[in-house]
Every structure is written in structure tokens, then in C-alpha cells.
1. Give me the helices (runs of 4 or more DSSP H) completely within region 175-265, filtered to those with at least 2 residues that are touching an Asp or Glu at 6+ places or on another chain (Cβ under 7 Å), ordered by residue number.
2. From the list Gln247, Gln208, exactly one residue is closer than 30 Å to Val328 by Cα, crowded, with 17+ Cβ neighbours inside 10 Å, at pLDDT 95 or above and polar (S, T, N, Q). Which is it?
3. Please go through region 291-302 and pick out each residue that is surrounded by 11 or more Cβ atoms within 10 Å (Cβ to Cβ) and either among the aliphatic types (A, V, I, L, M) or in a loop (DSSP other than H, G, I, E, B) (or both).
4. Scan region 264-290 for residues that are of a type in the set (Lys, Arg) and either crowded, with 20+ Cβ neighbours inside 10 Å or modelled with pLDDT of 90 or more (or both) and jot them down.
5. Condition test on Leu305, is it surrounded by fewer than 20 Cβ atoms within 10 Å (Cβ to Cβ) and either over 17 Å from the mean Cα position of the chain (by Cα) or in the same structural domain as Tyr338 (by TED's automatic domain parsing) (or both)?
6. Among the residues of region 26-44, is any in a helix (DSSP H, G or I), at pLDDT below 95 and of a type in the set (A, V, I, L, M)?
7. So, in region 41-90, exactly how many residues are in contact with a strand residue (DSSP E or B) (Cβ under 8 Å, 6 or more places away or on another chain), farther than 12 Å from Gly114 by Cα and among the aromatic types (Phe, Trp, Tyr)?
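The values are calculated or read from the model by the stated rules, or taken from the named source; none is laboratory data. Everything numeric here is computed off the predicted structure, so don't read it as measured data. All Cβ positions, glycine included, derive from the backbone under ideal geometry; neighbour counts span all protein chains shown.
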Amino acid sequence: MRAGLLLAALTLTPLAVQAAPDPAPAGKPRAVDVVLALDTSNSMDGLIDSAKRKVWAIVNDLAKIDPAPTLRVALYSYGNDTYDAKKGWVRQDLDLTTDLDEVYKRLYALTTKGGTEYVARVSRDALADLKWADGKDALRLLFVCGNEPADQDKQVTLDSVAAEAKAKGVVINTIYCGPAGHPEVAGWRQFADRAGGKYANINQDRVQTAVKTPFDDELQKLSVKYNATCCWYGARGRDAAANQTAQDENAAKAGKDVAVERGVTKAGKLYCNAEADLIDRLLTDKEFDLKKVKAEDLPEELKQLKPEDREPYLKKKVAERAEIQKKVADLSAQRARYIEAEQKKLPKSEADKAFDEALRAMLQEQAAAKGMKIQN
């Protein structure tokens with residue numbers, strides 16, 4: 001889809017190359033802001049690990065919305081003794097961004113230590129600090145995940161934060177990390193109810209069994225090939241290229257299934273590096289003119305070409321990417337069906353909710369409430 005739009009943007013004569021995937025149906029992409037607020041106190045190692053392992057699968061769910069939304073993600077952490085006590089041990093790790101590689105970099109760097117968990121404070125700060133998407137059709141979601149009593153903060157009340165969230169059109173969901181029958185559950189559930197959101201409890205230390213599939217190896221190879229289609233340019237190009245590779249490596253360390261899910265994300269509709277990848281920039285900016293880019297800002301491979309040879313070179317890259325995207329889409333669909341069949345064979349105890357299951361269920365329900373259905 002993205003490759004086809006890029007060919008139109010370049011207004012070049014078609015080459016006899018692999019056709020791009022069919023364009024998305026008519027419809028204006030909707031804005032989706034997802035903010036994660038994660039407890040980083042001592043008991044939350046399982047939560048942080050689950051977030052590192054499952055964030056790509058969550059993004060891939062959102063990519064199934066048709067038409068694909070404009071996704072931005074922000075990250076907060078709280079309850080860590082190494083943070084500023086004057087700020088209630090709350091830290092903004094990343095402002096709202098479309099840069100999914102940067103999201104994973106910051107998420108992967110989280111560590112646990114401490115502490116005192118101010119649910120109201122981290123929620124208030126996220127509401128106040130961020131420039132949330134405008135418009136009544138935008139989906140604005142804040143997920144607060146942790147344990148201990150939700151009302152520890154004596155300076156900022158949960159009721160005041162819930163009222164502010166409703167005034168801004170932000171839905172606050174809470175995920176309590178602990179047993180459903182714990183006395184602390186009532187506060188977490190009540191906060192979500194008053195903020196117009198949903199509540200769930202999870203076992204943060206339970207990791208879903210990773211299902212190996214016959215499609216994993218090929219999807220990993222295609223993920224590497226995708227990187228070769230990027231044309232890094234400008235001031236941010238070199239850093240973005242290095243970060244893409246670094247996050248590939250981090251995903252691989254988290255598990256083969258994580259690396260596969262990340263590869264699916266990269267070839268999907270929500271992975272975009274328009275400020276650093278020339279192909280993505282051309283795709284997303286109709287006014288962008290390749291001829292106006294300074295020679296020193298061009299990718300090395302374009303610098304070595306004559307000016308008249310640069311657009312045909314890019315067109316070849318577009319075709320390569322389109323072919324990879326089509327293969328990944330086909331293989332990932334087969335992989336999803338395979339995993340679904342295998343999970344049905346697991347013991348019933350495996351059906352207990354983990355972090356990603358709780359969050360993805362909330363996403364599906366709240367996207368549907370905004371008229372954005374996540375296709376299965």
C-alpha cells in the first residue's frame with residue numbers, strides 16, 4: 001500500500017517490477033494516542049519484561065484497523081527510588097511519537113528499583129504534559145499498570161485526575177498486577193470506572209508460551225531485507241539507521257517470537273521513519289521534492305549516482321519494499337492462524353490473562369467504540 005502511494009508521489013513512468021499491494025480503501029486515518037505508564041518498583045520486573053516482549057504484537061493489532069490509524073506512543077514510568085522525589089517518583093521517558101524504534105529503545109532501558117507508586121500523579125502528569133491528538137474522532141488511551149494501593153498519593157487525588165481525563169477526552173485504563181481477590185483491586189477498578197476506562201488484573205510474572213511456527217525463519221530474513229530498502233538521509237539518518245539495528249538486536253534478545261513480531265511491524269502500516277528514511281518521507285509528504293534535498297543530506301548510495309539516475313534507483317527500492325511487505329503480510333497471516341490453532345491445545349491454566357492480553361482486549365473494545373474495528 002505505502003509503496004503504491006510513493007510511486008504516485010514520484011510521478012514516474014511505471015517500471016516492469018513487482019506490483020505494490022492494493023491501496024487502502026477510501027477513508028481518513030484516525031488519530032490513536034497510546035500512553036503506557038508502568039510501575040518500575042522492585043516487584044514489577046515481570047511487568048516490564050512482558051511489555052518488552054509484547055509491545056510489537058500490540059502495535060500489530062492496531063495495524064489491523066482499516067484504514068490504518070496515525071499512531072503515536074508515549075511512555076511514563078513511576079514508583080522508582082532513583083527518580084525525582086519532588087516529582088512524585090514519576091518520569092516521562094518519551095513524549096508522544098510515531099518513532100516506534102525510539103519507543104522500544106526507551107522501553108528496553110527501563111529497570112526496577114524501589115519504591116512509592118503514585119498512580120494519580122503519573123496519570124495527572126501524562127494528561128498535563130502531553131499534547132494529545134485533537135478531534136472527537138481521536139482515540140486517546142492511557143494505560144496505568146502496577147500494584148500497591150492506587151490512592152497512595154495524598155497530594156493528587158484519583159477523583160480529580162479522573163475528572164480531568166474525562167474533560168480532555170482521554171480514557172484511563174488500569175491494569176492491576178496481582179490476584180483478582182486482593183483488597184487493593186477495589187481502588188484500581190474504581191479509578192478506571194470514574195475515568196471512563198476498563199480494569200483488568202494480571203499475573204505480571206506469567207509469560208505466554210511462545211509458539212514456534214514454520215514461518216518464523218523466513219519472516220526474520222524478510223525483516224533483515226526490509227532494512228536494506230531504507231534510504232537514510234539528513235541529520236537524523238545515521239542515528240535512525242543505528243537505532244533500527246539496535247532495536248532489532250534488543251527484540252532478538254527478548255525472544256525469537258519478539259523479533260518476528262517486530263519484523264511484521266516494520267513491514268506494516270504503522271512503522272514510519274519519515275524524518276530519516278527518504279522513502280517514508282516521500283510517501284507521507286506530498287509536497288516533498290527530492291530535487292530540493294541538499295547533496296550532502298542525500299544517502300550515500302544516491303550521492304554516487306547522477307541526478308537523473310536517482311529517481312529510478314528509488315523506484316527500484318520501492319518495488320523491493322513492496323515485495324517484502326506483501327510476503328510478510330502473507331506469512332504473518334499464516335503464522336497467526338497457526339498460533340491460534342496451537343494455543344487452543346494449551347492447558348486451561350494458560351488462559352489466565354497476561355499483560356498483552358489484558359491491554360489488547362481493552363484496545364479492541366475502545367477502538368470499536370470509536371468506530372475503529374481491529375480486524376482479526
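1. So the answer is 185-194, 234-254.
2. One residue alone meets the criteria, Gln247.
3. Answer for region 291-302, where residues must be surrounded by 11 or more Cβ atoms within 10 Å (Cβ to Cβ) and either among the aliphatic types (A, V, I, L, M) or in a loop (DSSP other than H, G, I, E, B) (or both): Val293, Leu298, Pro299, Leu302.
4. Within region 264-290, Lys266, Lys269, Arg281 qualify.
5. Yes, satisfied.
6. Within region 26-44, one or more residues are in a helix (DSSP H, G or I), at pLDDT below 95 and of a type in the set (A, V, I, L, M).
7. So the count comes out to 1.
For every residue, the table says whether it meets (1) touching a Lys or Arg at 6+ places or on another chain (Cβ under 6 Å); (2) assigned to a loop (DSSP other than H, G, I, E, B); (3) surrounded by fewer than 18 Cβ atoms within 10 Å (Cβ to Cβ).
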| site | (1), (2), (3) |
| --- | --- |
| Glu102 | no, no, no |
| Thr112 | no, yes, no |
| Arg140 | no, no, no |
| Ala167 | no, no, yes |
